[in-house]
Amino acid sequence: MAGSMSGSNYEEKFEFPLWKLIKQRAEEKDISYVAASEEVVPEYVKTIRYRDTEFEDAVIQKRAREMAELVEREQTGKKS
Amino acid sequence: MALEQIADRVVETDVLVMGGGIAGCPAAAKAAEHGLHVTLVEKAKTDRSGSAGQGIDHYGIFPREGLTPLELVRHWEHAQNFTNGGGQWGNPNLMYRYYDNGFWTLEELEKLSIPMRWDDGEYYWMPHRGPGMDPTVSYKLGLRVHWQNVKPLLAKAVRKKGVNILERTMVVDLLTNNGRVVGATAVNTRTGEFIVIKAKAVVLATGLFARCYDPETPLFWKYKFRYHWCPATISGDGWAVAYRAGAELANLDITGWGFRIRDDLNISFGNFPINDGVPSKPFDWRGEEVAYPTWQSASGYAGLEQKGQTPIYQSLEHLTDDWHKRIEVAFVDERLVSFKVAEDRGFNPRTHQYELMPNKPHNFVTVAGIATDDNFKASLKGLYAIGDCVAGFHSCGEAAFSGFLVGDSLHNLVSEAGEPVVDEAQVESQKKAALVPLAVKDGTEPMELECAIRYACERYVSQFKSEGKLHEGLRRLGSLRRVFLPRLMAKNPHYLMRALEVRNILDLAELHINACLERRETRGNHIRLDYPEIDPARDSMLAYQRLEGGKPVLEIRKAPELKPEYAKEGE
């Protein structure tokens, strides 16, 4: 389970990979974050499996099964 | 006294569009295409104003994957019932027309150079959602879009069409003559200039209303959100001026119910993966997973609260790396500031949870607004409402459609309408009322009064309603109106805008409570502790409110039914 929002690790520094790229590009070219994101995002998008419907469906169905199992567990009173 | 002596400026136009958002800009552009003189009034700056100011990450519902507009209407009715209980809380004819014109609207947006395609040049239909989800989004019916710059692009398109844009201009009230809307008065929020706008048609496109409740997120306002439920925008200006002019509002008893983020450490991470098909995992505070959608309904959340299971947290740890990247791209498309919020707070969606909002009203997003017919005509001649201003209509797809449709049809009305005749006495009265706060010293700040209104609604209306509480809420609002409204002060024209907003908020808050008082039943998320059962007499009935001869009128009337020509689709 993920750590609680009030956990001590909450204040640890975390940098989103895409945000890091945007900030770097903005600094390099002395442009706004919005302008930098327009340059960076089209490249970043290529690393994401947006058109892989088989992969998408598998991920979604897996979660749907988990949710259905949870409902069944609640109805039968079983603990996970 | 002549109009020119009362006003600092008089603008004459065919069409006045109030609000430069996803509905107002298409309406203005389309009307201008027909050769009409169009004036668009925007209280902020059109390039980044309003709900879509920071962008939008997904758009519309289309009749595809074998689904017809009629089937989509049926899904919409199902979703309405899920939120509000059994009943008909909108106008199915509007929804039918929206679905039926989905691809026309898409083409019109592309003509305005709004990007609708993904990076590879093709449309990217959002993934299927798993079984058991809201059926209107269980199919590939909506588009993921890169709309970070939708507002500057729309503003550019509108300027290119020759629309006269009055920015930093707040509408005070509509001008009427013999039951017809003939324009509006307005103030420039930088110079204080008082403006009269004479128009043959007025289109209200100022979005929804929310500011009688605490906002969706308690995040610090330093982040300057321009977001759907951003407290900086949604003061219901269009609804309020329509009501004061005599137009009908509907469904003010029905608020949107948040199961959103109630967390000052981050913002809506959860919505984005839902849009890409994979729901988050909700846990109670002890770490036990909570079944979807138990926590989504008012009664479901209340049950968890009574069992001591709240707060409820959401987790995204189960998402694949690919999905976390999708969230990042969605941030860019809808709210780039999300990165900064998360970075400032040290929030890592791969490892941290966030708290869900306790289920309470936080806006009127679902069905309330200005009552219109199938062509978005309000109940006053010459007056239209589009986008989130319309009762039973909501979202950016519906906003764009209604804007294009009304913009496309106004030339007929304008050609038939005579020259607008403005009543100078009405202008004088509106000017006097509007500018009073500039002369008040040591009075009440607009935000002080707004917070007092919010307190009254949070305390006396909110989730669990009863006659006594609602009456007390009304009494409190009446006291605020009597004692503090006249003492509102504005140290400059910007604060004058805030003062005008608060007047609108107060008017609408009172309408809200009156509508809740009249609805003596419990249904869906409308919980009346003193009337715990459904009242069958309220099936498919809506509360309509208007001013008549200066007096408020509340009528319960039957909701519009789907017209036979739409219902017979496919026969």
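Values quoted throughout were computed directly from the atomic coordinates according to the rules given, and no laboratory measurement underlies them. Since this is a predicted model, take the numbers as computed values, not measurements. Reconstructed Cβ throughout: ideal geometry from the backbone, glycine too, with neighbour counts over all protein chains shown.
Derived scalar couplings between HN and Hα for the stretch B:326-338 equal 4, 4, 4, 5, 4, 4, 4, 5, 10, 7, 4, 5, 4 Hz in order, rounded to whole Hz, by the Karplus curve 6.51 cos²θ - 1.76 cosθ + 1.60 (θ = phi - 60°), x for Gly and Pro.
Electrostatic tally near B:ASP373: other residues with Cβ closer than 14 Å to its Cβ, Lys and Arg +1, Asp and Glu -1, net +2. Among the listed pairs A:LYS46/B:LYS30; B:LYS377/B:LYS431; A:LYS62/B:LYS568, those with a Cα-Cα distance over 31 Å are A:LYS46/B:LYS30; A:LYS62/B:LYS568. Placing R0 at 56 angstrom, the Cβ-Cβ distance between A:LYS46 and B:VAL440 gives a FRET efficiency of 0.45 after rounding to 0.05.
Given R0 = 35 Å, the distance between the Cβ atoms of B:GLU110 and A:LEU70 translates into a calculated FRET efficiency of 0.25. How would you classify chain B from its alpha-carbon gyration tensor, with a ≥ b ≥ c the square roots of the eigenvalues: rounded for a/c under 1.5, else prolate if a/b is greater than b/c, otherwise oblate? Here chain B falls in the rounded category.
The trypsin sites (Lys or Arg not before Pro) of the stretch A:37-80 meeting both criteria, a DSSP state outside H, G, I, E and B (loop) and at most 14 other C-beta atoms within 10 angstrom of the site's C-beta, are A:LYS46, A:ARG51, A:LYS78, A:LYS79. Each helix, a run of at least 4 DSSP H residues, gives -39500 (n - 2.57); summed and divided by the residues of chain B, these come to -11000 deg cm²/dmol at 222 nm. Distance between the modelled labels on B:ARG9 and B:GLU518, one decimal in nanometres: 3.9 nm (7 Å Cα→Cβ projection). Normalised by residue number, the volume inside the convex hull of the Cα atoms of the protein assembly as shown is 165 Å³ per residue.
Approximating the spin labels as points 7 Å out from Cα along Cα→Cβ, the B:LEU554-to-B:ARG350 distance works out to 5.3 nm. Placing dummy labels 7 Å off each Cα toward the beta-carbon, the span from B:LYS568 to B:GLN306 is 4.9 nm. Sort the stretch B:431-541 into rounded, prolate or oblate with this rule: let a ≥ b ≥ c be the square roots of the eigenvalues of the Cα gyration tensor; rounded if a/c is under 1.5, and if a/c is not under 1.5, prolate when a/b is larger than b/c, oblate otherwise. Cα axes put the stretch B:431-541 in the prolate bin. Stretching the chain fully between B:ASN81 and B:VAL483 yields a gain of 140.7 nm (0.36 nm per residue, less the alpha carbon separation). Here r is the Cβ-Cβ distance between B:CYS451 and B:ASN492 and R0 is 22 Å; the resulting FRET efficiency, rounded to 0.05, is 0.60. Annotation for the stretch B:509-554: GluC sites (Glu not before Pro) lying in DSSP loop with at most 13 further Cβ atoms inside 10 Å of their Cβ are B:GLU533. Subtracting the Cα-Cα distance of B:PHE464 and B:HIS318 from their residue separation scaled by 0.36 nm leaves 49.1 nm.
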